[in-house]
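Working notes, beginning with the structure itself.
The values are calculated or read from the model by the stated rules, or taken from the named source; none is laboratory data. Everything numeric here is computed off the predicted structure, so don't read it as measured data. In this analysis, Cβ positions are derived from the backbone assuming ideal geometry, glycine residues included, and neighbour counts consider all displayed protein chains.
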């Protein structure tokens with residue numbers, strides 16, 4: 001049966017099942033509570049491992065008749081959650097976990113209320129990769145053998161506990177797969193529909209062998225990918241938002257099956273259609289109001305393999321065709337590309353975007369790979385990066401990062417220097433040595449003071465984060481996930497305590513476009529032209545430009561902005577980008593890694609902006625700051641075209657931002673749909689300009705306005721919000737209005 005023939009039944013079956021989520025599993029929860037109460041003297045890893053046995057034996061499982069993969073263990077989490085909730089989170093919810101959580105919330109409260117920052121103080125619960133190459137290559141039995149060999153040489157009780165827990169995790173996954181095999185066989189025995197019965201029998205046969213053993217066929221490999229991602233994140237609650245670099249991973253299985261006559265291209269496409277469409281249905285992308293945590297699943301295409309060979313094959317083409325035909329929103333399509341790829345690749349991506357399929361994000365290999373190598377990572381590992389959750393990069397089999405969990409508003413830091421007294425509570429509580437701007441006689445003094453303040457604020461966040469993150473192995477040990485990430489078995493160490501080969505983190509800097517404009521305005525009107533004193537400028541922004549509208553209009557219209565065609569501000573922006581990367585990276589974290597620079601695009605640019613007073617660029621209090629590495633909305637419009645924005649990137653060194661540096665561009669629909677050739681040229685020019693990650697929204701302002709008033713006419717209208725995409729009709733009114741406003745000022 002084809003996907004298109006079964007689509008209605010597939011969606012209906014999943015909708016009916018998830019309508020009852022979250023389920024009541026209080027009986028299983030009591031067993032986990034009793035386990036913890038009876039064995040309070042056990043190590044965290046040993047206790048977590050014992051919990052695995054309870055979860056895989058006691059939690060219900062579900063196989064869908066109209067879905068070709070054995071898949072769902074019901075741990076009671078919402079359908080829109082990737083892995084942070086449900087019974088899998090039982091360990092996080094013990095007394096220690098609750099204490100750590102409450103302490104973190106209390107520490108962060110004045111920061112979030114003041115618009116300075118937002119985030120979470122333990123290792124990021126999401127945006128991880130499942131080490132796909134590792135389990136496809138070795139199977140669970142092969143990984144078990146590696147664990148047992150290491151167990152024979154373990155030197156300490158802690159190492160032995162960790163390795164025993166890893167073995168327990170692998171055995172639990174094997175047990176769970178066999179439960180699915182038994183359930184599929186039971187369902188097949190009573191199934192009247194021959195096509196469904198054959199499907200169930202195939203599931204039962206496959207689940208008895210895979211993932212215990214390495215997959216041998218295309219279907220087996222896709223089963224392993226779906227099963228491992230869903231099972232590990234449900235049980236370990238370490239959210240695996242990355243479905244994988246599918247065209248690289250699946251192409252060898254596909255070619256072997258084609259050569260052996262085991263599969264046809266149409267059959268492979270049907271399997272991929274189900275795999276990719278699942279997230280759209282599971283997370284209720286068309287039906288659920290608003291945005292949910294679950295909508296950050298990603299799939300990667302293109303790029304290269306570990307040897308640097310270009311990846312672009314029949315699986316790539318199938319995936320792009322599936323997105324075109326099914327108009328998928330989730331998983332987001334993260335497309336790696338370089339000048340070495342055939343022109344057809346950029347043209348196919350452009351065709352998707354020309355159709356308003358705004359769930360595509362473009363990653364520049366020639367920037368992101370060198371950026372990661374620059375941090376001391378092996379190039380073979382760096383070539384296997386994937387974009388996780390939104391756009392943040394992670395190396396597929398060797399890295400566990402914590403990157404989407406500290407968002408720092410640089411405009412709030414700038415305002416600190418004008419009036420440190422207003423921030424007295426935070427400054428004194430966390431001993432942050434904020435320097436006032438008042439004595440600064442030159443712009444260089446002013447600029448150096450700002451950078452010193454930014455560094456002090458970053459270091460305060462890092463110090464507090466490291467303190468909590470160091471407790472991660474007690475908060476939520478993840479021995480099951482650890483077996484899939486290279487070096488954890490060799491080190492006999494959990495991912496939560498630095499077992500991975502690379503253990504990096506990031507402070508995501510918000511508002512760089514607004515910051516560049518504001519710093520340049522200070523240099524222009526205070527130090528160069530001497531139109532106002534520094535003290536008067538501070539007073540004006542503190543008063544939100546009240547009574548100073550003429551001066552504000554001068555700032556808006558006469559002082560150059562980042563992204564505009566002005567050589568001086570381009571040179572200035574390059575210095576700012578380099579300097580903020582320098583002061584926000586290099587600090588050690590608690591897992592043996594370092595902090596890396598990030599210009600991440602997420603909704604915090606709105607939330608933090610709402611809490612932030614006016615800024616020297618002419619932005620008024622409460623308005624959003626710029627997102628990612630993009631110019632501000634004050635810059636965009638008739639005086640700032642897409643071409644000028646791309647040209648403004650040329651002086652910037654984006655290899656200073658290995659995590660991510662996202663450029664968000666809006667392009668209008670032109671005539672009979674967007675012209676793919678124009679979009680393809682934008683993609684190529686973005687690569688040539690040295691950009692890192694490109695988000696394109698090809699939308700029409702009039703269409704958005706009509707969709708705001710008449711959502712029933714535009715059910716399939718997709719927009720890129722920030723790090724995620726969504727159906728426009730599903731968004732809140734606030735987000736709809738903000739996206740319309742952004743589109744109106746984009747040239």
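Here is how the numbers come out for the structure above:
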{"item": "Matching entry among 20, 43 (being modelled with pLDDT of 95 or more and either farther than 28 Å from residue 182 by Cα or exposed (fewer than 15 other Cβ atoms within 10 Å of the Cβ) (or both))", "result": "43"}
{"item": "Given (1) closer than 26 Å to residue 118 by Cβ; (2) out of contact with any helix residue (DSSP H, G or I) (no Cβ under 9 Å at 6 or more places or on another chain), index of the condition residue 454 fails", "result": "(2)"}
{"item": "Residue check, residue 493 under 21 Å from the mean Cα position of the chain (by Cα) and closer than 22 Å to residue 138 by Cβ", "result": "no"}
{"item": "Condition met for residue 576 (at negative phi and either without any contact (Cβ under 8 Å) to a residue 60 or more places away in the chain or out of contact with any helix residue (DSSP H, G or I) (no Cβ under 9 Å at 6 or more places or on another chain) (or both))", "result": "no"}
{"item": "Checklist (1) over 19 Å from residue 10 (Cβ atoms); (2) assigned to a loop (DSSP other than H, G, I, E, B); (3) over 24 Å from the mean Cα position of the chain (by Cα) applied to residue 99, failing item", "result": "(2)"}
{"item": "Residue match in segment 620-643 (condition: over 20 Å from residue 414 (Cβ atoms), in contact with a strand residue (DSSP E or B) (Cβ under 9 Å, 6 or more places away or on another chain), modelled with pLDDT under 90 and surrounded by fewer than 21 Cβ atoms within 10 Å (Cβ to Cβ))", "result": "yes"}
{"item": "Entirely in segment 327-417, the helices (runs of 4 or more DSSP H) that have 1 or more residues that are in contact (Cβ under 8 Å) with a residue 40 or more places away in the chain, under 28 Å from residue 484 (Cα atoms) and under 17 Å from the mean Cα position of the chain (by Cα)", "result": "365-373"}
{"item": "Residues of segment 319-344 satisfying the condition of being surrounded by fewer than 24 Cβ atoms within 10 Å (Cβ to Cβ), farther than 23 Å from residue 666 by Cβ and in contact with a helix residue (DSSP H, G or I) (Cβ under 7 Å, 6 or more places away or on another chain)", "result": "322, 326, 338, 339"}
{"item": "Subset of segment 183-201 (residues that are free of Cβ contacts under 8 Å to residues at least 40 places away in the same chain and under 19 Å from residue 219 (Cα atoms))", "result": "185, 188, 197, 198, 201"}
{"item": "Hey, residue 541 under 37 Å from the mean Cα position of the chain (by Cα) and modelled with pLDDT under 95 or not", "result": "no"}
{"item": "Pairs, first assigned to a loop (DSSP other than H, G, I, E, B) in segment 152-168, second modelled with pLDDT of 95 or more, C-beta under 6 Å, six or more apart", "result": "154/160; 154/163; 154/492"}
{"item": "Among the residues listed as 229, 248, the single one being under 28 Å from residue 48 (Cα atoms) and assigned to a helix (DSSP H, G or I)", "result": "229"}
{"item": "Lone qualifier among 122, 190 - being modelled with pLDDT of 95 or more and either more than 24 Å from residue 267 (Cβ to Cβ) or within 34 Å of the chain's Cα centre (by Cα) (or both)", "result": "190"}
{"item": "Residue check for residue 459: under 29 Å from the mean Cα position of the chain (by Cα), outside any helix (DSSP H, G or I), modelled with pLDDT of 95 or more and surrounded by fewer than 24 Cβ atoms within 10 Å (Cβ to Cβ)", "result": "no"}
{"item": "Residue in segment 469-486 that is crowded, with 19+ Cβ neighbours inside 10 Å, part of a helix (DSSP H, G or I), out of contact with any helix residue (DSSP H, G or I) (no Cβ under 6 Å at 6 or more places or on another chain) and at negative phi present", "result": "yes"}
{"item": "Enumeration of residues in segment 126-151 that are part of a helix (DSSP H, G or I), within 30 Å of residue 296 (Cα to Cα) and out of contact with any strand residue (DSSP E or B) (no Cβ under 7 Å at 6 or more places or on another chain)", "result": "133, 134, 135, 136, 137, 138, 139, 140, 143"}
{"item": "Scan of segment 97-111 for residues that are in contact (Cβ under 8 Å) with a residue 40 or more places away in the chain and touching a strand residue (DSSP E or B) at 6+ places or on another chain (Cβ under 8 Å), ordered by number", "result": "111"}
{"item": "Filtered residues of segment 11-70 (kept if part of a loop (DSSP other than H, G, I, E, B), closer than 21 Å to residue 476 by Cα, without any contact (Cβ under 8 Å) to a residue 60 or more places away in the chain and touching a helix residue (DSSP H, G or I) at 6+ places or on another chain (Cβ under 9 Å))", "result": "39, 40, 42, 59"}
{"item": "Any hit, segment 431-442, residues being touching a residue at least 24 places away in the same chain (Cβ under 8 Å), under 20 Å from residue 92 (Cα atoms) and surrounded by fewer than 19 Cβ atoms within 10 Å (Cβ to Cβ)", "result": "no"}
{"item": "Residue count, segment 548-567 (criterion: in a helix (DSSP H, G or I), under 34 Å from the mean Cα position of the chain (by Cα) and farther than 17 Å from residue 689 by Cα)", "result": "1"}
{"item": "Residues satisfying the stated conditions in segment 490-503, i.e. surrounded by fewer than 24 Cβ atoms within 10 Å (Cβ to Cβ) and in a helix (DSSP H, G or I)", "result": "490, 491"}
{"item": "Pairs where the first residue, in segment 678-695, is within 19 Å of residue 651 (Cβ to Cβ) and assigned by TED's automatic domain parsing to the domain that holds residue 332 and the second is at pLDDT below 90 and not in a helix (DSSP H, G or I), C-beta under 6 Å, 6+ apart", "result": "693/391; 693/660"}
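Residue-by-condition table, conditions (1) closer than 26 Å to residue 298 by Cβ; (2) surrounded by fewer than 21 Cβ atoms within 10 Å (Cβ to Cβ); (3) not assigned by TED's automatic domain parsing to the domain that holds residue 410:
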position	(1), (2), (3)
4	yes, yes, yes
16	no, yes, yes
38	no, yes, yes
53	no, yes, yes
70	yes, no, yes
78	yes, yes, yes
87	yes, no, yes
109	no, yes, yes
